[in-house]
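The values are calculated or read from the model by the stated rules, or taken from the named source; none is laboratory data. From a predicted model like this one, the values you see are computed outputs, not experimental measurements. Heads up, the Cβs are rebuilt from the backbone with ideal geometry, glycines too, and the neighbour counts pull from every protein chain shown. In case anyone asks, the SASA skips ligands and DNA or RNA and just uses the protein heavy atoms, side chains included. Shrake-Rupley method; radii C 1.70, N 1.55, O 1.52, S 1.80 Å.
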Amino acid sequence: MDSSSPEPDVRRDPHLGTRVHVVSERQGRPNLPPDGCPFCVGGREAPEPYTVRWFPNRWPAMAGDRCEVILYTPQHDASLASLGPQGARQVIDLWAERTTALGTRDDVEYVLVFENRGADVGATISHPHGQIYAYDHVPDRPQRLLEAGWRPDVDAGDRAVVETDGWVAFVPHASTFPVAVTIAPREPIADLPSLDAVGRDGLAHVLVDVLDRLDRLYGRPLPFMLWVVQRPTDGGAWPDAWLHVEVVSPWRSAGVPRFIAAAEVACEEYFNPVSPESLAAQLRGLTPRGRLR
């Protein structure tokens, strides 16, 4: 790694309890590498041929090699959707492998797998990739979902998008984002490592299907944030843990982002201009392409 791991500077708002990681050293990281894509074969982070690959983030947001980068493919112009179910399955296998490896560490209590895709959500390198953050605590939002006994909306009705191979995809009842889809197994599975071969194939298929529909929603690649909610690795039982994937986008129409307004930030009450039922109907109408059937 080029830069030493940062000393932790974690603060809490004294009134709201909000946890903030101050990572000022990340201000110096390059937005665009000057010597070509570092994720293409032969690049700085991928000197040898690969199919999927992981490595420690050179500019980590947390200390102790707890931030990693996941490369989905050596193809620079690909996407997770364009890899098809077979390619996505290889990514899922690596997600599960790294969840296990990081989750067994004594200093890790929660493994977050995520992707920021597109400049509109802050991605500075277009080569298809995601990240993993391994937290030394269970973050507030996943913990609240777990404590609330989150379950998939298996009877989402007019908010349903697709159901296949034991997996369901639906638009949440009350998302704060104009575009949002949740993907989950119909039966409880706690985390990525717990998925068997059939479960991983099913997730790969529905994930590619949903991401492909999202890219066709507005006729151009959709910027999105994707993350996996799974069981903490703190040694607790967490009997209600239910693996699921959330995908959200700030676009309310083609190329038009929805900005979070002052009233929403101030009160943490949100105003969504896109009806969940309308979004689901649009996505249902985008039938799977032939390669996904």
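One entry in [x] 64, 36, 32; [y] 50, 49, 39; [z] 69, 42, 32 is Cα extents along the principal axes in Å calculated from the shown coordinates; its label is [y].
Remark on V168: its backbone amide H falls under 5 Å from those of A184, R186, a criterion applied only to residues 5 or more positions apart or on other chains, H modelled at 1.01 Å from N.
Per DSSP H run of n ≥ 4, the term is -39500 (n - 2.57); total these for the chain, divide by its residue number, and report the mean residue ellipticity at 222 nm rounded to 500 deg cm²/dmol. So the helix-based figure for the chain works out to -7000 deg cm²/dmol.
Could you give the size of the charge dipole of the stretch 108-199 about its Cα centre, using +1 on the Cβ of each K and R and -1 on the Cβ of each D and E, expressed in debye and rounded to the nearest 20?
Details: 6 positive and 14 negative charges, 44 e Å.
That gives a dipole near 220 debye.
When all alpha carbon pairs of the stretch 209-293 are counted in 10 Å bins from zero, the resulting P(r) reads 13, 35, 30, 19, 3 %.
Once you have the Kirkwood Rh of the stretch 83-215 from its Cα pairs, apply Stokes-Einstein at 20 °C and 1.002 mPa s and quote D in µm²/s.
On the way: Rh = 16.2 Å.
In µm²/s, the coefficient rounds to 132.
Ordering L217, L207, N116 by Cα displacement along the dipole of the stretch 83-241 toward the positive end leaves L217 in first place; charges were set at the Cβ atoms of Lys, Arg (+1) and Asp, Glu (-1).
In cubic angstrom, how much convex hull volume per residue do the alpha carbon atoms of the stretch 9-138 span? Can you show the working numbers first?
Details: hull volume 17.0 nm³, N = 130.
It is 131 Å³ per residue.
For N57, the residues whose modelled amide H falls within less than 5 Å of its own, excluding neighbours fewer than 5 places apart on the same chain, are C67, E68, V69. Once you place label points 7 Å from the Cα toward the Cβ at V256 and E163, how far apart are they in nm? Label at V256, label at E163, 3.4 nm between them. The phi torsions of the stretch 43-59, fed into the Karplus equation with coefficients 6.51, -1.76 and 1.60 and a -60° offset, translate into couplings of x, 4, 9, 9, x, 10, x, 8, 9, 10, 7, 10, 7, x, 5, 6, 10 Hz, rounded to whole numbers, with Gly and Pro shown as x.
Of the solvent-accessible surface of the chain, computed with a 1.4 Å probe over protein heavy atoms with every protein chain present, carbon and sulfur atoms account for 51 percent. Per residue, the chain exposes 49 Å² of accessible surface when a 1.4 Å probe is rolled over the protein heavy atoms with every protein chain present. Database remark: amide H of H244 closer than 5 angstrom to the amide H of V229 (H placed geometrically; neighbours at sequence offset of 5 or more, or on other chains; Pro and chain starts carry no H). Using Cβ point charges alone (K and R +1, D and E -1), the dipole size of the chain about the Cα centre works out to roughly 820 debye.
Taking GluC sites (Glu not before Pro) as exposed when DSSP calls them loop (any state but H, G, I, E, B) and at most 12 other Cβ atoms lie within 10 Å, what is the longest stretch of the chain free of them, the sites themselves excluded? Between the exposed loop sites, the longest stretch runs 1-267. Max-minus-min Cα coordinates of the stretch 146-220 on each principal axis give 35, 28, 20 Å, with the largest extent listed first. Applying a 4.7 Å Cβ-Cβ cutoff to the chain, the cysteines left without a disulfide-compatible partner are C67, C267.
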